[in-house]
């Protein structure tokens with residue numbers, strides 16, 4: 001698995017392999033660190049069923065940990081650094097994690113989760129303060145692991161690596177995990193995964209820039225790039241001008257962004273934008289949410305026709321793709337379906353619709369590419385709208401040329417800054433506040449994030465709700481990105497004839513058309 005990295009270490013030992021805002025590692029350093037980490041991680045996750053959680057801080061340690069887990073034949077779990085201790089403990093237990101690797105941003109929550117008995121080991125990096133953990137939990141320091149020679153595992157044929165597991169919120173209010181799908185074609189078995197993922201990265205040769213959080217599927221594709229023996233540059237805290245500086249300094253060839261990143265780049269003064277050289281870019285992937293047409297045209301005018309949009313999900317991989325030239329000819333399309341999938345548009349009665357007819361977008365999943373949610377057969381079954389046809393919850397149509405267009409959303413989901421959010425989780429938490437008798441969380445337009453969460457709160461009879469107190473309660477109970485950005489106190493909530501919340505009716509006043517999604 002690590003052969004490409006070893007080859008680069010032999011050929012270019014002092015060349016830059018991996019960097020972040022505070023560290024720059026050569027190929028020799030990366031190769032040596034990985035040899036030691038693979039042995040150390042195998043020791044803390046001895047069972048083939050064990051996984052290791054990796055908190056997604058944008059640092060070199062996060063990427064090295066993921067690569068080492070694959071090299072050691074261990075399933076990794078990508079964990080958000082914004083989760084609370086309760087949320088982390090739930091994911092650790094659900095995934096079967098033996099250990100967690102965390103830096104300062106996720107340590108407090110990880111330590112709290114460890115105190116529940118979810119883990120046997122906590123590995124920390126970049127933490128200067130004394131660490132207090134339960135006596136039953138082993139504490140290992142990253143620097144000691146990469147400094148101590150350990151024989152790497154040799155029995156990988158008996159324990160091939162699995163793809164990282166990522167968690168997403170769900171319609172029931174509880175997060176569920178799914179293994180990321182990085183490879184085109186049928187999903188290989190675990191042994192073939194190791195060979196395939198190291199053989200190609202999907203990006204052109206040259207430095208790849210990580211912009212998004214290293215806890216989501218898109219940014220995690222940088223694992224493949226490093227395994228391919230190509231350098232990776234990691235941006236820490238988002239800064240639009242810093243992105244341009246890194247592109248020019250490292251002659252970045254590829255990156256992956258979401259539309260919010262584009263909007264923040266375009267918000268820079270024109271003289272600032274023109275002062276940086278972005279001519280090295282050959283592949284700018286974008287995904288996560290619909291990109292407003294005027295934003296995408298502006299980015300193509302600036303970066304050139306190097307934008308490639310992908311539509312899909314962690315649980316299924318990329319199902320549609322469109323390059324800049326195709327998009328200019330077919331504005332607002334997410335492209336044609338890619339092999340091995342087939343697009344199927346399904347009507348309200350389950351009938352298959354023809355070109356130009358609007359319905360639920362489904363994708364026929366061949367053997368080996370089925371959608372599967374870890375430990376949740378019911379959610380897995382709900383993903384299928386016809387036998388062998390899965391949906392990501394979007395509505396749209398396919399034109400005569402085979403280009404797919406998304407026009408609405410079926411699932412009660414909000415895409416904010418490229419992150420999928422399910423309001424049910426926020427609603428479940430907010431209903432626990434004593435001043436809230438009912439609540440509905442919806443998506444509303446947001447100039448920066450595309451969409452943002454808004455909570456419509458019905459107060460408990462006889463109370464005068466303190467919105468700031470409710471906001472604080474939410475932040476103390478769940479990850480900050482799941483918390484509503486806006487709160488509105490209302491007397492009642494619109495419902496349909498069956499008494500269920502009518503989310504479309506609740507959203508309608510906040511949108512300027514019948515289309516209640518952004519883009």
Residue match in the stretch 482-501 (condition: touching a helix residue (DSSP H, G or I) at 6+ places or on another chain (Cβ under 8 Å), under 19 Å from residue 418 (Cβ atoms), modelled with pLDDT of 85 or more and in a loop (DSSP other than H, G, I, E, B)): yes
Set 412, 435, 401: member being surrounded by fewer than 21 Cβ atoms within 10 Å (Cβ to Cβ), modelled with pLDDT of 90 or more and touching a helix residue (DSSP H, G or I) at 6+ places or on another chain (Cβ under 8 Å): 435
Elements of type helices (runs of 4 or more DSSP H) contained in the stretch 252-321, each with 3 or more residues being buried (at least 16 other Cβ atoms within 10 Å of the Cβ) and in contact with a helix residue (DSSP H, G or I) (Cβ under 9 Å, 6 or more places away or on another chain): 259-266, 293-303
Matching option when the condition is touching a helix residue (DSSP H, G or I) at 6+ places or on another chain (Cβ under 7 Å), outside any loop (DSSP other than H, G, I, E, B) and modelled with pLDDT under 95, among 243, 223: 223
Qualifying residue in the stretch 141-160 (condition: surrounded by 14 or more Cβ atoms within 10 Å (Cβ to Cβ), modelled with pLDDT of 80 or more, more than 25 Å from the chain's Cα centre (by Cα) and assigned to a loop (DSSP other than H, G, I, E, B)): yes
Residues satisfying the stated conditions in the stretch 220-235, i.e. within 13 Å of the chain's Cα centre (by Cα) and surrounded by fewer than 24 Cβ atoms within 10 Å (Cβ to Cβ): 221
Test for residue 430: is it over 22 Å from residue 286 (Cα atoms), crowded, with 17+ Cβ neighbours inside 10 Å and in contact with a strand residue (DSSP E or B) (Cβ under 7 Å, 6 or more places away or on another chain): yes
Top-ranked residue in the stretch 437-476 [being farther than 19 Å from residue 421 by Cβ and part of a strand (DSSP E or B); ranked as farthest from the chain's Cα centre (by Cα)]: 459
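The values are calculated or read from the model by the stated rules, or taken from the named source; none is laboratory data. The structure presented is a predicted model; accordingly, all values stated were derived computationally and were not measured. Ideal geometry is used to build each Cβ from the backbone, glycine not excepted, and the neighbour counts take in all protein chains shown.
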